[in-house]
1. With the cut-off at 41 Å, report for the protein assembly as shown the share of all Cα pairs above it, as a whole percent.
2. Where does the protein assembly as shown land at 222 nm, in deg cm²/dmol rounded to the nearest 500, when only DSSP H runs of n ≥ 4 count, each adding -39500 (n - 2.57), divided by all residues?
3. Give me the aspartates and glutamates in straight-line cross-link reach of residue B:153: C-alpha distance below 15 Å, same-chain residues under 8 apart excluded.
4. Please get the size of the charge dipole for the stretch B:205-360, origin at its Cα centre, with Cβ charges of +1 on Lys and Arg and -1 on Asp and Glu, quoted in debye to the nearest 20.
5. Quick one: go through the stretch A:44-76 and flag any residue whose amide nitrogen is under 15 Å from the point 7 Å out along the Cα-to-Cβ line of residue A:85.
6. Is any residue of the stretch B:126-162 close enough, with backbone N under 19 Å, to a label point placed 7 angstrom from the Cα of residue B:178 along the Cα-Cβ axis, and if so, which?
7. At 0.890 mPa s and 25 °C, plugging the Kirkwood radius over alpha-carbon pairs of chain A into Stokes-Einstein gives what diffusion coefficient in µm²/s?
8. Please list the helices of chain B that count as membrane-span-like by this rule: a mean Kyte-Doolittle hydropathy of at least 1.0 together with Cα atoms stretching 20 Å or more along the helix axis, each helix being a complete DSSP H run.
Amino acid sequence: MDINPILLLAALMVASTPILLAAIGELVVERAGVLNLGVEGMMITGAVCGYIVGHGTENPYFGFVGAAFAGAALSFVFAALTQFLLTNQVATGLGLTMFGLGLASLIGQGATGSSDLIVGKLNLPIISDIPVIGRILFQHDPIVYVSLLLVAGTWWFLSKSRAGLILRAVGENHDAAHALGYNVRLMRVLAILFGGACAGLAGSYISLVRVPQWIDGITSGAGWIALAIVVFASWNPWRLIAGAYLFGGVTVLQLNLQAEGLKIPTEYLSMAPYLATILVLVVIRAGRAPGSLGKSFHPSS
Amino acid sequence: MKRRTLLATGAGAAMAAALGLPARAQDKTKVGFIYVGPINDGGWTQHHHHSALEMVEHFGDAVELVYQESVPEGPDAERAITQMARGGADIIFTTSFGFMDPTVNVAANFPDVKFEHATGYKQADNVSVYSARFYEGRAIQGTLAGRMTKTNKIGYIASVPIPEVIRGINSAYLHAKKVNPDVEFKIIWIFEWLNPAKEADAAKALIEQGCDVVLQHTDSTAPHQAAKEAGNVYTFGQAADMAEYGPMPRISSIIDNWAPYYIERVQAVIDGTWTSVNTWDGIAPGMVGIGEISDAVPADVKAEAEALRDAIAAGEYHPFTGPINKQDGTPWLAEGEIANDGDLAGMFFFVEGVEGDIPS
């Protein structure tokens, strides 16, 4: 056996991070009662903008910030259309994905090539050097930890903070929340912007850390996986980590098993991440969708 | 202006535009290209496009280039090709294996349009097929890989299970084994021609399992980036030179040079002498180029690889020369026997020593 479980677990965290980032953003959006299917489009726009900004400033962290802004800017288009012009959220979200793919391709003309930007890895004295655990958990780039902090922060926000409770009220029953005097639209626009920023950051993680380079179609469907994981994690931030890490883990594992020359047909290995994620998350599934998910709201009604 | 008059004028203008197009197309030869990836993928599609631009430069105003990027293999390809044929293209090059059936289907509906399909095997009266003997280049890569590896583990990122890819694996393996009997190949199939994220993950998985040479049959430069990060891993440019990753990790490359072929075929259309042909050229006519072997390779190994290249180009050596057994041990080629083109074109088995099964 050439598979090194320590390296495998370490690779798992890197492979899962873009999905986790995009999914945590979408989770907040959906808890506010909005279904934004444009994650893939915002991700890939973030990927190209992050790459360009990162290389322009020769600092990957400016790239991450630029990508988050780009994702948020694109999501603002969605927010304006669905919250003020009351367009259908499913159709607008799908449109946003297609628009984002085309826009990214346009922006990215001529931005290809090798990348010399290095995103530093965490290197704490003592902690990073702990055998096994140090290599698995404490030798990653900072964005891996940002994604985990975002999940923890989202959990705290949604369950402990007043603003989070209002956001959930808006998502569960926007008419009731409106009657109580909460600003449904404002809450939703903010949630959509947060979702866009997370998706943009997720995209730039692919183009600045994981691959790292810009090529058309680089996100290759990760946004859709993120959407699926939100549903299967039944809108619970902690389950989201389980879903994303499971998907990333089986993805990395199946590549390793293939290289190992395992006597399982490679077709089955290739579908394994999708199957495993669906199976496990369906089994642990307990929650239900926010009550007003995907419904349009106008204050006059 | 009344609305009806406005509509009539608009319709008239549209009709004029529609009629005008074919009229203009007659003086120029319209050459179409259908690409599987974006023209800036850094590999396969980029090189087809460069060759197409070289062809346009050669003819100047006599030709007009139209192309469509990132056309998915499958039913949608048929729509894209049909659209191009309707748009007045005189000759259409479809540059991926998966465009084979769509090309043949569309060609049946447009008998006056010439079609050229890359890397396939289905010909028709107005469909030519062309490909390059990439396995000749793989023989050189295998030799270099076998000499350069210290761990004796060579990684191979395979794309789609078709004979072209399998030939490449077999050729690389045979020649790595020849110079280093201890080598072992680790193969990962990603089932796509271009998916940088997957290619990067696959390269990382191979490197983590101890491979210090990674060959790829996929189109992006992502594996090079992963190798660069790892530090002591060697890679090869695929379809394009990928020289920006030299001298390390990229130590050589297979370069596809389609321009002479494109110029020849478009010239045939202009002259009216186009006929359906089956072209399969290698290193000798220049369709397969071997990129500069970098300084990271010791001089004697470089000389050995170059001698192999020259022997193949001179026709003195064929990469598939017996004795070669199939994976299950049954004999394929006897001592000194050279594989025939039919066997090579339909090759769907690994040679003895390669581990794992070919996905079906």
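The values are calculated or read from the model by the stated rules, or taken from the named source; none is laboratory data. Quick caveat, the model's predicted, so the values are computed rather than measured. Cβ placement follows ideal geometry from the backbone for every residue including glycine, while neighbour counts extend to all protein chains displayed. Heads up: the accessible areas ignore ligands, DNA and RNA and are worked out on the full protein's heavy atoms, side chains in. Shrake-Rupley method; radii C 1.70, N 1.55, O 1.52, S 1.80 Å.
1. Counting pairs separated by more than 41 Å, the tail of P(r) holds 35 percent.
2. Using -39500 (n - 2.57) per qualifying helix, the result is -17500 deg cm²/dmol.
3. Cross-link targets: A:2, A:260, B:182, B:184, B:208, B:212, B:355.
4. 300 debye
5. Output list for this probe position: A:74-76.
6. Residues passing the 19 Å test: B:133-149, B:154.
7. 125 µm²/s
8. In chain B, no H run is both long and hydrophobic enough.
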